[in-house]
Amino acid sequence: MNRKVLFVNHKKSQCGVYEFGKNIGAVLLRSKKYDFVYAECSSINELKADISKNNPDVIIYNYTLSTMPWVADKISRGLYRNNIININIPQIGIIHEITQNISNRATAYRSKFLFGRGINLSNSLFDFYIAPDPTLLLKNSLVYKTGRLILPYKNNFKVPKIPTIGSFGFGTPKKGFEKIVQLVQKEFDEAIIRFNIPSADFGDRDGVGAKNIAKRCNALINKPGIKLHISHYFFDHAGVLDFLAKNTINVFLYEDTNGRGLSSVIDNALAVKRPIAISESTMFRHVTDASPSICITKNNLKTIIENGITPLLKYYSEWTPDNLLWDYERILDSIFYKQNNLENHKKNIASILYFELNKLLLRPIKSFTWLRSSKDEVVDDMQVVNSASYNPVRISVGDSLNRILDNDARNLYKPAINKITELVPKTISKKIPEANVQQAFVFDTAWRYISLYKNPKILCIGSYEDTASMSLIKMGLKVEEIDPVLNYSLQEYVTKPSTTKESYDIIFSTSVIEHDRDDESFIKCVSDLLAPGGVFIMTCDYKDGWVPGDLKPDVDFRFYTKNDLKNRLLPLMKNCELVDKPQWDCSNPDFYYLNKYRYTFATFVVEKHIKNN
C-alpha cells in the first residue's frame, strides 16, 4: 500500500502562492508511487479534520507566513495545550522566499518522529524543506529543491501585427510597470502595451496600489503611436495564460535585487511560448542563463523578439510536470529513508546530548571537493569571456590515456593546468595544486575527443566546482552538469523522466567515484548513459594492493587498484573497452594528503562500441 501524503494549500484567494500550490497539487495527484491528497485549509481545525480523515504518513505545506499564519501559531509536536495540534509525522514546508543563506541556515523542528515525545530541540516549524528554486546549492541535508513547473498550453493566438508588449502582476511595489512603458517608448514608435494588474488579497486587497500604478503608467505615455491598455480583473490560471498568449513579448522588470525567492510569473510566461524579457532582479535568477540573453541590460526588446523562444527551449524540456512529480517522489523517498534510519538509532540515543546528536546524526551532508578551504565563496569565474584556443598535449607513441597521474603527468599536462588557471583562476586557486593534474587530464582528454563528434552531448558527473567542467564551458562547449550539491546524484539522474539513455558522447568525472558508496551502480549508470561510439573519462584515487581496512582518508570509501579497474568495473560497462593498453603500475605513489595518506591518481578511459545494424 502506498504511503499517504497530505498536501496542504490555503483557501482559494487572489494570490500567486495559492495558484502555485493548486498547480503543484494537481501534478502530484498523478503519482502512482505515493497516495497524494490535496487539501485547502484556513484554520487549525480544518487541518485537524483533514489529518483525521486521511491519516497521512507525511504532510507538505505550501507555506508562507502571510497565507498560513495559523500554521506558525498553532502547530506543535509532543506538546498538548489548548488549540495546539500534536502531529508526530514528518512535516515538510515549501519555502517560497528562499535564498542560499536561508537554505544553509535552515534547521529542523526535531519532532517526535525523530527523537521521542516531549523533546523539542529547536524552534523551527518544519522537519524538512522544499525550495522551488533550481539555482539553489544543496548544502543542507534538511533542504531539498525542485525545478519549476511549466504547464501544458496550446497557443492558438496569432502573433499581433502591431508589436504588443505585455506584463501582469499584483499592484505591489517594485514590479517595474513604469519602466516597461519607458522602455517601449524608447524602442518603438508604434506599439501596444497591455498590463493586467489585479488587486491582491495579500498586499493590496483594496486595489489602491494597482490603481496608482495605472495612473503613473498612463502619465508616462508621450508618443501618439503607443497605446496603453490596463485591466484590473483577476484572471484564473487559464485566463492568465490567454492574456499572455496574445502578446508579442511578455516583459517583467522587477526591481527587487536581494533576499527574495523566485517569481512565478516566469512559469506562466514560459507556458505560452512567446519571447520573454526580464530585468536583473534575483527573482529571475533561474532564467538569467538563457542564451542569447533575455535580459534587457544585454539585449533590447526588438532583439529579444527576433530571437524568439530559442533561448527558452532548455526550460521547456526540464520543467515538465513529469520531472516535477519525479522531484517530489525522490524527495519523499529520501525523507522516509532518513526517518527509517533515525528510527533504528532511537534505542541508542537516549543518553546522548542534543548537540552531540545533531553533530552525529543530522549534520548537513557536505560534498567533497579538492578544496584547501571550506569557506563558502561566490565563484564568478564563469563571467569571463569564452576562449577557444587550446591544443591537447602530445601523447608519445606507446604511452596510454589509461595511466597514473604522477609527477611525470604533472609535467606533461602543465599546459592544461595553465589553461584552466587562465580560464577559472578563482576556483583553481582554492584547490590542492598537486591534485590539479586530475582536472587537467580530464580537460585535455575531453578536448582531444571533441572533434570526433558533431555537436557532442557532454555530461559532467560531480560538477560542483569542477574546474575541468567549468573550463570546457568557458571554451564555448555545452556541458550538462549533475552533482548532489547542484541537483541530484548520478543514480537519481538516470531515473529522471527527461533523461535519455545512451545519448551522451562524452561523459567525464574527476575524483568522484571513490566518494560513492555504491561504485558499481555508479559505473553501470555511466554505461547506461553513454552513447555508442561515446567515451567515458574518469580519474580516481588509486593505490594498487590496497584492501578494505587499510588506511585511507575518511572522505573516501576506498582506493582503487588494477584489479578494481580492469576486472571489477570494466566488465560492468556493457559493450565498452579501454581505449588503449593501461599503464597502471605504480610502486612509489607521490601524492600526500594531510601529511598522512600516501597514494596517487589513476585514469580510466573507455569507449562504447558502435552498434552494428
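The values are calculated or read from the model by the stated rules, or taken from the named source; none is laboratory data. Just so it is clear, the model here is predicted, and its values are computed rather than measured. Every residue, glycine among them, receives a Cβ derived from its backbone with ideal geometry; neighbour counts consider all protein chains shown.
If a residue counts only when it is polar (S, T, N, Q) and more than 27 Å from the chain's Cα centre (by Cα), which strands (runs of 3 or more DSSP E) contained entirely in the stretch 224-299 have at least 1 such residues? Spell out how you get there, then give the answer.
Working: elements: 226-231, 249-252, 276-278.
Fully inside the stretch 224-299 and qualifying: 226-231.
Determine whether residue 213 is of a type outside the set (Phe, Trp, Tyr), outside any loop (DSSP other than H, G, I, E, B) and touching a Gly at 6+ places or on another chain (Cβ under 6 Å).
yes
Restricting to the stretch 138-166, and then to whatever is in a loop (DSSP other than H, G, I, E, B) and hydrophobic (A, V, I, L, M, F, W, C), can you tell me which residue is farthest from residue 296 (Cα to Cα)? If you could, list the steps in order and put the result at the bottom.
First, the residues of the stretch 138-166 that are in a loop (DSSP other than H, G, I, E, B): 138-142, 146-163.
Checking the rest, the ones that are also hydrophobic (A, V, I, L, M, F, W, C) come to 138, 142, 149-151, 157, 159, 162.
Numbers: 138: 30, 142: 36, 149: 24, 150: 23, 151: 26, 157: 25, 159: 21, 162: 20 Å.
By that ranking, first place goes to 142.
Specify which of the listed residues (555, 535) is of a type in the set (A, V, I, L, M) and part of a loop (DSSP other than H, G, I, E, B). Give the steps one after another, and end with the answer.
Details: 535 fails: part of a loop (DSSP other than H, G, I, E, B).
Testing whether each residue is of a type in the set (A, V, I, L, M) and part of a loop (DSSP other than H, G, I, E, B) leaves just 555.
Could you check how many residues of the stretch 1-48 are assigned to a helix (DSSP H, G or I), in contact (Cβ under 8 Å) with a residue 60 or more places away in the chain and farther than 26 Å from residue 336 by Cα?
3
When residues of the stretch 137-173 are filtered for being touching a strand residue (DSSP E or B) at 6+ places or on another chain (Cβ under 7 Å), among the hydroxyl-bearing types (Ser, Thr, Tyr) and at pLDDT below 95, how many remain?
Qualifying residue count for the region: 1.
Does the stretch 529-544 include one or more residues that are over 27 Å from residue 334 (Cβ atoms), among the charged types (D, E, K, R) and within 24 Å of the chain's Cα centre (by Cα)?
Among the residues of the stretch 529-544, not one is over 27 Å from residue 334 (Cβ atoms), among the charged types (D, E, K, R) and within 24 Å of the chain's Cα centre (by Cα), which makes the answer no.
State all residues of the stretch 456-474 that are surrounded by 19 or more Cβ atoms within 10 Å (Cβ to Cβ) and farther than 21 Å from residue 540 by Cα; if no residue qualifies, say none.
Those that are surrounded by 19 or more Cβ atoms within 10 Å (Cβ to Cβ) and farther than 21 Å from residue 540 by Cα: 456, 473, 474.
With the condition kept exactly as written, say whether any residue in the stretch 402-418 is over 25 Å from residue 565 (Cβ atoms), in contact with a Phe, Trp or Tyr (Cβ under 9 Å, 6 or more places away or on another chain) and crowded, with 16+ Cβ neighbours inside 10 Å.
No, there is no match, as no residue in the stretch 402-418 is over 25 Å from residue 565 (Cβ atoms), in contact with a Phe, Trp or Tyr (Cβ under 9 Å, 6 or more places away or on another chain) and crowded, with 16+ Cβ neighbours inside 10 Å.
Any residue in the stretch 194-210 that is at pLDDT 95 or above and part of a helix (DSSP H, G or I)?
No: the stretch 194-210 contains no residue that is at pLDDT 95 or above and part of a helix (DSSP H, G or I).
Tell me, yes or no, whether the stretch 551-560 has at least one residue that is touching a Cys at 6+ places or on another chain (Cβ under 9 Å) and either modelled with pLDDT under 95 or hydroxyl-bearing (Ser, Thr, Tyr) (or both).
Within the stretch 551-560, one or more residues are touching a Cys at 6+ places or on another chain (Cβ under 9 Å) and either modelled with pLDDT under 95 or hydroxyl-bearing (Ser, Thr, Tyr) (or both).
Looking at (1) among the hydrophobic types (A, V, I, L, M, F, W, C); (2) modelled with pLDDT under 90; (3) in contact with a Lys or Arg (Cβ under 8 Å, 6 or more places away or on another chain), which is the one condition that is false for residue 58?
The number of the failed condition is (2).
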